[in-house]
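A.B. asks: Sending over a structure as structure tokens; questions will come in a sec.
The values are calculated or read from the model by the stated rules, or taken from the named source; none is laboratory data. Values in this document were obtained by computation on a predicted structure and should not be read as measured data. All Cβ positions, even for glycine, are placed from backbone atoms using ideal geometry, and neighbour counts span all protein chains on display. Surface accessibility is based on the protein's heavy atoms, side chains included, excluding ligands, DNA and RNA. Shrake-Rupley method; radii C 1.70, N 1.55, O 1.52, S 1.80 Å.
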Amino acid sequence: MKWSKKNNKLELTIQFKSQTELAEAFLKIAELADKSNHHPDAEIVKCSTLILKLFTHDENAITKKDKDLALAIEKLISS
């Protein structure tokens, strides 16, 4: 799992085995985002691919908040 920089955003694409697996993971990501009060943009493609994008809207840039949440999401998904 590797975040990339695209269009001034951190982006991660995660392929799941099923829509249910994606939904379960996204719920955990949403709970983590709520706790940090920082939320990724998310897109679901073909029911089993999740694309996350992180950037700080107020600053229109990648900030420490984004990097911290990206790291937390990596830990969550890989556990």
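A.B. asks: So how many Lys-Lys pairs in the chain land under 12 Å Cα to Cα, not counting same-chain pairs under 8 apart?
C.D. replies: Close lysine pairs found across the chain: 9.
A.B. asks: Add +1 for every Lys or Arg and -1 for every Asp or Glu among the other residues with Cβ under 9 Å from the Cβ of Leu10, and state the total.
C.D. replies: Local net charge: +3.
A.B. asks: Full extension from Glu74 to Lys5: what is 0.36 nm times the residue separation minus their Cα-Cα distance, to one decimal in nm?
C.D. replies: 23.3 nm
A.B. asks: Mind checking Rg over Rh on the chain, alpha carbons, Kirkwood formula for Rh?
C.D. replies: Ratio of gyration radius to Kirkwood radius for the chain: 0.94.
A.B. asks: Next up: Please state the relative contact order of the chain as a whole percent: Cα pairs under 8 Å, 6+ residues apart?
C.D. replies: This gives 34 percent for the chain.
A.B. asks: Scan the chain and report its longest stretch carrying no trypsin sites (Lys or Arg not before Pro) that are both in a DSSP loop and have at most 10 other Cβ atoms within 10 Å.
C.D. replies: In the chain, the maximal stretch lacking such sites is 47-79.
A.B. asks: Ignoring ligands, DNA and RNA, what percent of the 1.4 Å accessible area of the chain is carbon and sulfur?
C.D. replies: Ligands and nucleic acids excluded, carbon and sulfur reach 50 percent.
A.B. asks: What is the dipole size for the chain, taken about its Cα centre, with +1 at each Lys and Arg Cβ and -1 at each Asp and Glu Cβ, in debye to the nearest 20?
C.D. replies: In total the dipole reaches around 300 debye.
A.B. asks: If you add up the charges near Ser79, with Lys and Arg at +1 and Asp and Glu at -1, over every other residue whose beta carbon is less than 15 angstrom from its beta carbon, what do you get?
C.D. replies: -2
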